[in-house]
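Shown next, in structure tokens, is the structure this report addresses.
Read-outs throughout are calculated quantities, based only on the coordinates presented, and are distinct from any laboratory measurement. Bear in mind the structure is a predicted one, so any value in this text is a computation, not a measurement. So basically every Cβ, Gly included, is an ideal-geometry build from the backbone, and we count neighbours across all protein chains shown.
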């Protein structure tokens, strides 16, 4: 029964990871389109929007979402070697995932040249780590597998490439 319960956790976690990734992808496209719309006929606005936007993002990252800096992939790889579940939960917290999501969209809206792939990977890891807490005995090996599956799901969703997700997991 425990094995069935453990395997059933992957279904809603994978669905939620996919839905978040789709929402994030749509948000990235819309945020980029917003920047283009605002600056197409008013190039001078770029001189205001970019520095103010970037400074605001740095301020929010430091004050509201500390730990949300970085691309997301190095953080996902770092938690794989962490032994303490509390340390893992600190790097893979909901607050950091929300910060990554919102601040990345703000970056695109401000004209930043950034990618959505890293945040998608870290958000996938967060979702799987959270779902791993429900009704399971928490073990380091189990937590590692869930995080690995979340990272692979994030890669798959971000690049629309299932083989890339498998290669990420193997690496």
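Remark: 15, 73 ranked as 15, 73, counting other beta-carbon atoms within 10 Å and listing the fewest first.
Short-range pairs are left out: with C-alpha atoms under 8 Å and at least six residues apart, the relative contact order of the chain is 29 percent. Distance between the 7 Å Cα→Cβ label points at residue 33 and residue 48: 2.4 nm. Largest GNM mean-square fluctuation across 90, 104, 17, computed for the chain with C-alpha springs under 10 Å, falls on 90. Taking the chain as a Gaussian network of alpha-carbon nodes connected by springs under 10 Å, the highest mean-square fluctuation of the residues 33, 158, 149 belongs to 33. Of the residues 145, 48, 103, the one that moves most in a GNM of the chain with alpha-carbon contacts below 10 Å is 48. Each of residue 26 and residue 114 was given a label point 7 Å from its Cα along the Cα-to-Cβ line. The distance between the two points is 2.1 nm. Model label sites at residue 87 and residue 134, defined 7 Å from Cα along the beta-carbon direction, differ in position by 2.8 nm.
Annotation: the residues 113, 71, sorted from fewest to most other C-beta atoms within 10 Å of their own C-beta, follow the order 113, 71.
For the chain, what is the calculated [θ] at 222 nm in deg cm²/dmol (nearest 500), taking -39500 (n - 2.57) for each run of four or more DSSP H residues and dividing by its residue count? Theoretical 222 nm ellipticity from helices: -25500 deg cm²/dmol. Using bins of 10 Å that start at zero, the share of Cα-Cα pairs per bin across region 2-170 amounts to 11, 37, 31, 15, 5, 1, 0, in whole %.
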